[in-house]
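Rule-based calculations on the coordinates, nothing more; no lab input. These figures come from a predicted structure and were not determined experimentally. All Cβ positions, glycine included, derive from the backbone under ideal geometry; neighbour counts span all protein chains shown.
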């Protein structure tokens with residue numbers, strides 16, 4: 001699809017994972033350059049919304065996209081899929097991409113109830129954006145953990161602190 005250059009431009013590269021003690025002093029960690037080596041320099045992070053927009057823009061006009069409706073049923077046949085919708089007439093498809101959120105109806109129809117395919121790891125994540133947040137450790141995943149608990153923060157480059165493309 002030719003998305004890699006755009007994904008690299010939209011993405012950012014985490015530089016370090018740093019573990020700190022209760023006073024914020026470094027007590028461990030590692031540089032994440034190893035991820036780039038292992039993926040032949042194809043490692044980056046980006047917002048889900050940026051990835052969705054890049055894929056949509058690459059497909060626009062080339063494949064049918066349906067908004068404002070929901071997949072009601074999926075039938076698999078020898079030549080592909082027959083996809084039924086709540087409102088629109090059924091469609092034949094070679095590929096169905098369910099971009100319908102965290103508790104995806106498409107995933108549930110294809111793989112079964114969430115409880116059968118998901119395993120809780122006991123982690124919960126909250127993400128927010130805050131303008132001017134301090135202290136900032138740009139592109140560092142900073143974590144403090146005690147048995148059974150962990151808190152972490154990540155400061156992504158902003159347009160002020162990093163040049164275009166999100167790379168320092």
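If R0 is 35 Å, what FRET efficiency do you get for residue 151 and residue 52 from their C-beta distance, rounded to 0.05? The partial results should precede the final answer.
Details: r = 28 Å, r/R0 = 0.81.
After rounding to 0.05, the efficiency reads 0.80.
Quick one: helix 48-59 against the long Cα principal axis of the chain, what's the angle to the nearest 10°, folded into 0 to 90?
Helix 48-59 sits at roughly 40 degrees to that axis.
Once you have the Cα-Cα distance between residue 79 and residue 36, take 0.36 nm times their residue separation minus that, and quote the gain in nm to one decimal.
11.6 nm
7 Å from Cα along Cα→Cβ at both residue 43 and residue 102: what's the point-to-point distance in nm?
2.7 nm
Could you work out the per residue convex hull volume over the alpha carbons of the chain, in cubic angstrom?
Hull volume over Cα atoms, normalised by residue count, gives 182 Å³.
The stretch 1-59 to the stretch 83-125: how many Å between their Cα centroids?
26 Å
May I ask you to order 108-115, 14-21, 122-129 by the average number of other C-beta atoms within 10 Å around their residues, highest value first? All intermediate terms of the calculation are to be shown ahead of the outcome.
Values: 108-115: 12.2, 14-21: 15.8, 122-129: 5.8.
Taking the mean over residues of other Cβ atoms within 10 Å, the ranking is 14-21, 108-115, 122-129.
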